[in-house]
Amino acid sequence: MAVEHMKEFYDDPNVKFAMQLLDHGRAHLKGAGEVAASELSDALKQHWVDTRRGSEQERTEKKSFTARDRAIRTAFDGFLVQLESIEHLIVNGVIGAREFGELFSYWLTLLGETARPDDKIGHLSDDARSALWTYIRVYQFDAVVRLFARYGRAAPRG
């Protein structure tokens, strides 16, 4: 059963796109063409303003995205939902935490919320990492946070 879940994870087109983009800095997305990791900051930005904290101008400006931004966001939503499902499978004993950590160790290091000084994988830019983790936290992909925190790669939510 765990093998089928992992196959489903790696076969998902959103997962393939996000992982290739984050690993290689560029990837093709159906409907958007070639996407560069440098586009993540704009594509994944928060589209709403906390009216309790925003300036008067921010409260009246409508944040909008291009069709390309929406396609990137949709792909990342799919990727993050798949990661959340992995955390739920670990919690429910379907997938072993140690086994997943070993299988996914490269990605835990590459995508961890904060790069560690001793990381040997460091080609994801700080801007792309920050955009991804801001998106994860703002849009409350809490199971992704718990998944990465399980391996010491994210600060626990709270």
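We did not get these values from a lab; they are worked out from the coordinates using the rules stated. Since this is a predicted model, take the numbers as computed values, not measurements. Backbone-built Cβ (ideal geometry, glycine too); neighbour counts: all protein chains shown.
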Counting only residues 5 or more places away or on other chains, whose amide H sits under 5 Å from the amide H of Arg26 once H atoms are built in the peptide plane?
Ala37
Per the helix-only model, the chain has a calculated mean residue ellipticity at 222 nm (DSSP H runs of ≥4, -39500 (n - 2.57) each, divided over all residues, rounded to the nearest 500) of -17000 deg cm²/dmol
If each of Lys7 and His123 carries a label point 7 Å out from its Cα toward its Cβ, how far apart are those two points in nm?
2.9
Work out, in µm²/s and without decimals, the Stokes-Einstein translational diffusion coefficient of the chain at 25 °C, 0.890 mPa s, Rh from Kirkwood over C-alpha pairs.
148
Whole percent per 5 Å bin, from 0 to the bin with the longest distance: what is P(r) over all C-alpha pairs of segment 73-156?
3, 15, 26, 27, 19, 9, 2
Using 7 Å Cα-to-Cβ label points, what is the Asn92/Asp142 separation (nm, one decimal)?
1.8
Jot down the radius of gyration and Dmax of segment 64-114, Cα atoms only, both in angstrom.
14.1, 41
May I ask you to derive the FRET efficiency for Ala115 and Ala67 from their Cβ-Cβ distance with R0 = 35 Å, giving the value to the nearest 0.05?
0.65
Beta carbons within 10 angstrom, averaged per residue: use that to sort the peptides 144-154, 18-28, highest first.
144-154, 18-28
What is the angle, in °, between the Cα long axis of helix 67-91 and the longest principal axis of the Cα atoms in the chain? Nearest 10 is fine, range 0 to 90.
30
